[in-house]
1. Take Gly262 and decide whether it is farther than 21 Å from Ile117 by Cβ and part of a helix (DSSP H, G or I).
2. Can you find a residue in the range 23-30 that is open to solvent by 30 Å² or more (accessible area, probe 1.4 Å), assigned to a strand (DSSP E or B) and free of Cβ contacts under 8 Å to residues at least 60 places away in the same chain?
3. Scan the range 192-228 residue by residue and report those that are buried (at least 19 other Cβ atoms within 10 Å of the Cβ) and away from the ligand (no atom under 16 Å from the Cβ).
4. Considering the range 39-57 alone, what residues qualify as being open to solvent by less than 20 Å² (accessible area, probe 1.4 Å), of a type outside the set (D, E, K, R) and in contact with a helix residue (DSSP H, G or I) (Cβ under 8 Å, 6 or more places away or on another chain)?
5. Of the conditions (1) within 19 Å of the chain's Cα centre (by Cα); (2) open to solvent by less than 30 Å² (accessible area, probe 1.4 Å), Phe302 clears all except one; give me its number.
6. Output the number of residues of the range 45-57 satisfying the condition of being within 16 Å of the ligand (Cβ to nearest atom) and in a loop (DSSP other than H, G, I, E, B).
7. Would you mention how many residues in the range 100-116 are open to solvent by 30 Å² or more (accessible area, probe 1.4 Å) and in contact with a helix residue (DSSP H, G or I) (Cβ under 8 Å, 6 or more places away or on another chain)?
8. For the range 58-83, give me the residue count where each residue is in a loop (DSSP other than H, G, I, E, B), more than 16 Å from the ligand (Cβ to nearest atom) and surrounded by 22 or more Cβ atoms within 10 Å (Cβ to Cβ).
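The values are calculated or read from the model by the stated rules, or taken from the named source; none is laboratory data. Since we're looking at a predicted model, the values are computed, not measured. So basically every Cβ, Gly included, is an ideal-geometry build from the backbone, and we count neighbours across all protein chains shown. What goes into the accessible areas is simple: the full protein's heavy atoms, side chains included, and nothing from ligands, DNA or RNA. Shrake-Rupley method; radii C 1.70, N 1.55, O 1.52, S 1.80 Å.
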Amino acid sequence: MNILVATEKPFSKVAVDQIREIAEKGGHKLTTLEKYTDVKQLYDAVADADALIVRSDKVTREVIAAAPKLQIVVRAGAGFDNLDLAACTERGIVAMNTPGQNSNAVAELAIGFMIYISRNQFTAGTGSELKGKTLGIQAYGNVGRLVAEHAKGFGMNIIAFDPFVPAEAIKADGVEVAATLEELYEKSNFLSLHIPATEQTKKSIGYHLLSRMPKGACLVNTARKEVIHEEELVQVLTEREDLKYITDIAASNQAELNEKFGKRVFATPKKMGAETAEANVNAGVAAANQICDFFATGNRKFQLNK
Ligand code: 3PG
């Protein structure tokens, strides 16, 4: 089978080498399309692909239409808002992700963000410490759980809200459970977002929640920009001169945010949460193994479009 790795933001060479080794051991051929600048390059590359590995690359209905042989697409990562699952299902294509494989990299970045913003983005001036502050975690999944674990080492108090995880399981980690989302925001000096971008969550973080945060609080976003109500973020940062926002996914209106709020906001130039050698290998290898296993045994364990 032909396995294509199509990554606008490429994996490390070490990860690609390991993906190739797994593919070839499974009797498959691996080709790569990296740092492509035009979606037409992707259309051309998928024409002969039986399997596709992507990162945040958009696998749209058009991409699928250009891939007549495609049987399986694996998003090497957690969030799968870049896959058109309905289009995959219509064509009988199995869509998967690799949950948990890059979680630690993202969790460590969230911790780094808190330190960076608390120390004035590493510029002169008096900063503050994480110790004794309350960290709110919205969505207690793979990443949220790790952020909580790491933050405990800094002496932070942790509180979480996740309607899909039993309260007892969260409490068992020594983490307080907020009864409501409003309570979570009211108590959090730092609020770390770990929700996926879905129809329900898009634009869900806005004035109603952010205006409840305590004095000097900071919203930390290593999830998706789409979950933020960007106009309301501007409104609340304007009204509340003490609030801060740090993100790994630049807002659509980031230039406006930078201009209006200066050092109270920060965005990485390109999403780097999962951009570590370890996460590249973990997610890439998992994707390659899942594809080989699917072709060899029909294993669909991580299938998203069931
Ligand atoms: C994910 O959903 O796994 C992360 O956002 C990583 O995305 P990336 O592979 O584009 O870095």
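1. Working: farther than 21 Å from Ile117 by Cβ: no; part of a helix (DSSP H, G or I): yes.
The answer is no for Gly262.
2. From the range 23-30, those open to solvent by 30 Å² or more (accessible area, probe 1.4 Å) are 24-27, 29; that's our starting set.
Applying the additional criterion that residues be assigned to a strand (DSSP E or B) yields 29.
Okay, now just the ones that are also free of Cβ contacts under 8 Å to residues at least 60 places away in the same chain, so 29.
Yes, some residue in the range 23-30 is open to solvent by 30 Å² or more (accessible area, probe 1.4 Å), assigned to a strand (DSSP E or B) and free of Cβ contacts under 8 Å to residues at least 60 places away in the same chain.
3. Once the filter is applied, which keeps residues that are buried (at least 19 other Cβ atoms within 10 Å of the Cβ) and away from the ligand (no atom under 16 Å from the Cβ), the range 192-228 yields Ile205, Leu209, Leu210, Met213, Ala217, Cys218, Leu219.
4. Of the residues in the range 39-57, the ones open to solvent by less than 20 Å² (accessible area, probe 1.4 Å) are 42, 46, 49-55, 57.
Next, from what is left, pick out any that are of a type outside the set (D, E, K, R): 42, 46, 49, 51-54.
Passing the criteria: Leu42, Val46, Ala51, Leu52, Ile53.
5. Failed condition: (2).
6. From the range 45-57, those within 16 Å of the ligand (Cβ to nearest atom) are 52-57; that's our starting set.
Filter again for in a loop (DSSP other than H, G, I, E, B), leaving 55-57.
So the count comes out to 3.
7. 5
8. Within the range 58-83, residues that are in a loop (DSSP other than H, G, I, E, B), more than 16 Å from the ligand (Cβ to nearest atom) and surrounded by 22 or more Cβ atoms within 10 Å (Cβ to Cβ) number 2.
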